[in-house]
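Below is one structure, written out as structure tokens; the observations come after it.
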């Protein structure tokens, strides 16, 4: 049985870089004894914590296809945060806007709306909206007809 997502995180995905130095540095100095990088962010930390506590959690965001992006995805997967589908749904909504003659701002809102719908259910495709669902959610979010 598929579990519906109970909480969705929307917000910053950050990698915090901490540097240990012996003293406060003068302008131009770069003496660093030790570094530590840690995943963080105002939305990711609570979402990660809720998932570790057993909640049905999702996150809607876009990360790069690079080392840092893969670190976020792997870390979320370890904590059972569902991240599948949101980026693809965003792309689908954005492209739908382009194909129907919308401006870039509206395309962004359509992408955002489609991503929000996609994470309403676990898995990559189960939450993708139909055109009617997208229009209904878009109207609710933007107070405009599609």
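Along each of the three principal axes of the Cα atoms of the stretch 22-146, give the extent in whole Å, ordering the values from largest to smallest.
In descending order, the Cα extents are 60, 38, 25 Å.
Output the 0 to 90 degree angle, nearest 10, between the alpha-carbon long axis of helix 67-78 and the longest principal axis computed from the alpha carbons of the chain.
On a 0 to 90 degree scale, this one is about 70.
Show that you can apply the helix-only estimate: for the chain, add -39,500 (n - 2.57) for every DSSP H stretch of four or more residues, divide by all residues, and state [θ] at 222 nm to the nearest 500.
Helix-only estimate at 222 nm: -13500 deg cm²/dmol.
Treating the angle as unsigned and between 0 and 90°, give the value, to the nearest 10°, between the Cα long axis of helix 104-118 and the longest Cα principal axis of the chain.
Between the helix axis and the principal axis of the chain, the angle is about 90 degrees.
Roughly speaking, what % of Cα-Cα pairs in the stretch 7-82 are separated by over 17 Å, rounded to a whole number?
On the way: 1466 of 2850 pairs.
Cα-Cα pairs of the stretch 7-82 separated by over 17 Å account for 51 percent.
For the stretch 7-82, what is the percent of antiparallel DSSP beta bridges, rounded to the nearest 5?
55
If each of residue 144 and residue 42 carries a label point 7 Å out from its Cα toward its Cβ, how far apart are those two points in nm?
2.5
Quick one: which of 37-45, 110-118, 21-29 comes out on top by average Cβ neighbours within 10 Å, and what's the full order, highest first?
Per-residue Cβ counts within 10 Å, averaged per peptide and sorted highest first, yield 110-118, 37-45, 21-29.
If you average the C-alpha positions of the stretch 22-88 and of the stretch 103-146 separately, how far apart do those two centres end up, in angstrom?
26
Using alpha carbons only, how many degrees (0 to 90, rounded to 10) separate the axis of helix 131-142 from the longest principal axis of the chain?
Compared with the principal axis, the helix lies near 60 degrees.
Counting only DSSP beta bridges with both residues in the chain, tell me the antiparallel percent, nearest 5.
55
Suppose a student asked you for the relative contact order of the chain, using Cα pairs under 8 Å spaced at least 6 residues apart; what percent would you report?
21
Computed from the coordinates by the stated procedures, all read-outs in this text should not be read as laboratory data. In this text, all values refer to a predicted model and were calculated from it rather than measured experimentally. Positions of Cβ are backbone-derived with ideal geometry, glycine not excepted, and every protein chain shown enters the neighbour counts.
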